[in-house]
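The values are calculated or read from the model by the stated rules, or taken from the named source; none is laboratory data. If you're wondering where the values come from, they're calculated on a predicted model, not measured in any experiment. Here the Cβ is made from the backbone with ideal geometry for all residues, glycine too, and neighbour counts use every protein chain on show. Each accessible area value is taken on the protein alone, full model and side chains, heavy atoms only, with ligands, DNA and RNA left out. Shrake-Rupley method; radii C 1.70, N 1.55, O 1.52, S 1.80 Å.
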Amino acid sequence: TTHLLGTMKIWIFSSFSLLLLLGVFVFIIISILKGKKLTNLKNDFVNNMTHEFKTPIANILVATDAIRNKRAEMSESKINKYAEIILKENNRLNDLVNMTLNFSSIEKNEEIIQVELLDFHQLLKEAIQIFEPKLEEKKGKLSLKLNAKNHQLIGNKIYLSNMLNNLIDNALKFCNTNPNLTIETTNIGKEIKLTVRDNGIGISKENQDKIFEKFYREETGNIHTTKGYGLGLSYVKLIVEKHKGSITVSSKKGMGTT
């Protein structure tokens, strides 16, 4: 054994050196991947924050523009209504600032969501009211069917409101004609089922499984008329699942989405 080890010492030394170099190489690769992951997390955070700010800013802009350009034609009650939308959206921006500070923690299950007893129908009505100027601008229609008899739930008001805003905003955004939206609630056992149906451009069958992925946006050739980061539905899915729910999609290309 001594003789064999003596004759093989150069190979044993070489093997240990190679293993050491391999270990250093693996450590460097892991460090690079960790750095890349941190960069991606930072980009995710910035993009999520930007996406969430876009909707209230757009709604404030539409409401302000309507008051400024159509004030002479508008009744006092309508002006007050638009002013109320601006105030609510301003408050929502403030809430979003606080929300974005802990969004990443929620995603990584580090943040405990603060919940309270909420009236889901009331949240829906408030969300719809915010989009009334945009609906009016696009000459759209919205049918609200509140069929759920039990419409109270335990949840986080800010996150659920943002979820509803994202769904309604998507339904209006991805529509090449006058929007025709149907929003319906029903009860399935002790659960609330929310259905948001539009007459928009639809989603091809092969892409329907991908729309809840981060940054995914369906390919439309070289046409990019709708801006966004592909984060809205991934955020909606995250909030739904954090409230122990699930989300599905049904759509046909050119025939709208549910």
Legend entry - Filtered residues of the range 38-58 (kept if under 25 Å from residue 83 (Cα atoms) and at pLDDT 75 or above): 53, 54, 55, 56, 57, 58
Legend entry - Filter result (open to solvent by 50 Å² or more (accessible area, probe 1.4 Å) and free of Cβ contacts under 8 Å to residues at least 60 places away in the same chain) within the range 164-193: 173, 176, 177, 178, 180, 187, 188, 189, 190, 191, 193
